[in-house]
Structure formats: structure tokens, C-alpha cells
Amino acid sequence: MKPSDAQICVLSAGIVGRRIAGELARASVPHRLASRHGGDGVITADAFDSTALAAAFAGTRVVINAAGPLRDTAAPVLTA
């Protein structure tokens, strides 16, 4: 399965986001990872850019927002 086919998107490639992604991988749950810095296998999407977030979240059913602080990132994520 390609990351673009994943039903779950984890936003943030920081400590928490990578830990969540690692647990999903260990459980063989298909997912994709999105972060403002992108990188190898990571979709580039800034937590404050609703358009980029919408593109990163396209086709997913679940978004896990591990980007913070939550009081700052919640609105753009919900808008996307």
C-alpha cells in the first residue's frame, strides 16, 4: 500500500508524531506522516497552511494532530 492510500494521517514528525507513527507501523496499520519539513516518506504540510493540510489529508478518514501547541494548530487543522 502506498502512503497516499492510507486512511490515517499523522500530522507532525516530531517526537510525538514519530512515536505514534511507529506504533501504527508496529501494528501494521497503514498511515501517512505529514510535517512542515517533509522528508523521506513524509508529506510536506505546514500546520498553519490549511490548503497544504487539505492536500495532505485528502483521502484519509482519520487525522491525528500531534503538531503543537494545540491551541495554535487546532483551527487550521479543523479548517482543512
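The values are calculated or read from the model by the stated rules, or taken from the named source; none is laboratory data. Values in this document were obtained by computation on a predicted structure and should not be read as measured data. When we count neighbours, we look across all protein chains shown, and the Cβ atoms used for this are built from the backbone with ideal geometry, even at glycine. Only protein heavy atoms, including side chains, enter the accessible area calculation; ligands, DNA and RNA are left aside. Shrake-Rupley method; radii C 1.70, N 1.55, O 1.52, S 1.80 Å.
What the table below lists for this structure:
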read-out	value
From the options ILE20, ILE43, residue that is touching a helix residue (DSSP H, G or I) at 6+ places or on another chain (Cβ under 7 Å) and either at pLDDT 90 or above or open to solvent by less than 50 Å² (accessible area, probe 1.4 Å) (or both)	ILE43
Test for ALA54: is it touching a helix residue (DSSP H, G or I) at 6+ places or on another chain (Cβ under 9 Å), more than 21 Å from GLU23 (Cα to Cα) and modelled with pLDDT under 90	no
Output for region 31-44, where each listed residue is over 21 Å from GLN7 (Cβ atoms) and not in a loop (DSSP other than H, G, I, E, B)	GLY39
Condition met for GLY59 (on the phi > 0 side of the Ramachandran plot, in contact with a Ser or Thr (Cβ under 8 Å, 6 or more places away or on another chain) and open to solvent by 30 Å² or more (accessible area, probe 1.4 Å))	yes
Of residues in region 23-40 being hydrophobic (A, V, I, L, M, F, W, C) and farther than 19 Å from PRO69 by Cα, the one least open to solvent (accessible area, probe 1.4 Å)	LEU24
Subset tally (residues that are of a type outside the set (Asp, Glu) and open to solvent by 60 Å² or more (accessible area, probe 1.4 Å)) for region 70-80	5
Subset tally (residues that are in contact with a Cys (Cβ under 9 Å, 6 or more places away or on another chain) and part of a strand (DSSP E or B)) for region 45-72	3
Residue check, VAL77 in contact (Cβ under 8 Å) with a residue 40 or more places away in the chain, under 12 Å from the mean Cα position of the chain (by Cα) and in a helix (DSSP H, G or I)	yes
Considering residues of region 1-17 that are part of a strand (DSSP E or B) and either out of contact with any helix residue (DSSP H, G or I) (no Cβ under 8 Å at 6 or more places or on another chain) or of a type in the set (Val, Ile, Thr) (or both) only, the residue least open to solvent (accessible area, probe 1.4 Å)	VAL10
Number of positions in region 22-46 that are over 9 Å from the mean Cα position of the chain (by Cα) and among the aliphatic types (A, V, I, L, M)	4
